[in-house]
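Each remark here refers to the structure printed beneath this line.
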Amino acid sequence: MDSSSTRRQNTRRKLFDAAVTLIAEQGFSSTTVDEIAERAGVAKGTVYYNFASKTDLFEELLRHGMELLTGALRAAADETAERGGGAAEALDAMIRAGLDFVARRPALAQLYVAELWRTNRAWRPTLTRVRQQAVEVIESVLREAAAEDDPAAGSDVALTASALFGMVLVTALDWQSFQPERSVDEVHASLARVLQGRLGGVVR
């Protein structure tokens, strides 16, 4: 990669970081391009050099963030397979990867969850596509679990994958917002018990 490409990637990353923080704090409509540029430490013209509009910037931000999450889930599954682990272990590893991702990027996860409910946004098709890419990583492992006769796979792979994806994101956000004193190990262990259906020790 040449130096100009590296510089542009670094600039876009600064703009993404600035935009996600500002929009999480004050909303999309209230955030201006001037504020994004100032927070990123670049000229306003730099924003428009990289993105056609604020809407384009936000759409690319969501796409980029979800692709990072998808990559983290896929890497967790692949690393488990390389160690000789089964599908259940891969699902557990993906739960941990999802929690770690949200812990590092809580504002991004917050924006993603908020945008799921806004069906009239210009970036809805992009969000739908990248969400499906992430869910499909979980689906592939659930199909492996079904092949291994693992009851965790469930009878409806697509719905189960969506449920697991949503469970991790919402639980992670709840953890960050309301129970930040808990460690990632605690949250991971709790979700792992839910995945395994071992709730006897929790419900009394």
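Observations on the model:
- Residue identified as within 27 Å of E82 (Cβ to Cβ), modelled with pLDDT under 90 and more than 17 Å from the chain's Cα centre (by Cα) among A122, A147: A147
- Taken over region 99-133, the residue count meeting the criterion of being assigned to a helix (DSSP H, G or I), closer than 21 Å to T31 by Cβ and of a type outside the set (A, V, I, L, M) is 6.
- Conditions (1) in a helix (DSSP H, G or I); (2) free of Cβ contacts under 8 Å to residues at least 12 places away in the same chain; (3) over 11 Å from the mean Cα position of the chain (by Cα): number failed by T171: (2)
- Qualifying residue in region 74-92 (condition: outside the structural domain of T171 (by TED's automatic domain parsing) and not in a helix (DSSP H, G or I)): no
- Hey, V137 farther than 17 Å from V20 by Cα, surrounded by fewer than 18 Cβ atoms within 10 Å (Cβ to Cβ), out of contact with any Cys (no Cβ under 8 Å at 6 or more places or on another chain) and in the same structural domain as A72 (by TED's automatic domain parsing) or not: no
- Verdict on G71 being surrounded by fewer than 20 Cβ atoms within 10 Å (Cβ to Cβ), at pLDDT 95 or above and either under 29 Å from V194 (Cα atoms) or of a type in the set (K, R) (or both): yes
- Complete set of residues in region 74-128 that are of a type in the set (V, I, T), surrounded by fewer than 18 Cβ atoms within 10 Å (Cβ to Cβ) and in contact (Cβ under 8 Å) with a residue 12 or more places away in the chain: V113, T126
- Hits in region 1-27 (condition: within 20 Å of M66 (Cβ to Cβ), surrounded by 16 or more Cβ atoms within 10 Å (Cβ to Cβ) and modelled with pLDDT of 90 or more): R12, K14, L15, F16, D17, A18, A19, V20, T21, L22, I23
- Number of the exception - I36 against (1) among the β-branched types (V, I, T); (2) within 17 Å of E115 (Cβ to Cβ); (3) at pLDDT 95 or above: (2)
- Looking only at region 24-33, and only at residues there that are part of a helix (DSSP H, G or I) and out of contact with any helix residue (DSSP H, G or I) (no Cβ under 6 Å at 6 or more places or on another chain), the one that is nearest to R104 (Cα to Cα): E25
- Scanning region 40-58 for residues that are surrounded by 20 or more Cβ atoms within 10 Å (Cβ to Cβ) and under 25 Å from P125 (Cα atoms) yields V47, F51, L57, F58.
The values are calculated or read from the model by the stated rules, or taken from the named source; none is laboratory data. All figures in this text were calculated on a predicted structure; none of them were measured in a lab. In this analysis, Cβ positions are derived from the backbone assuming ideal geometry, glycine residues included, and neighbour counts consider all displayed protein chains.
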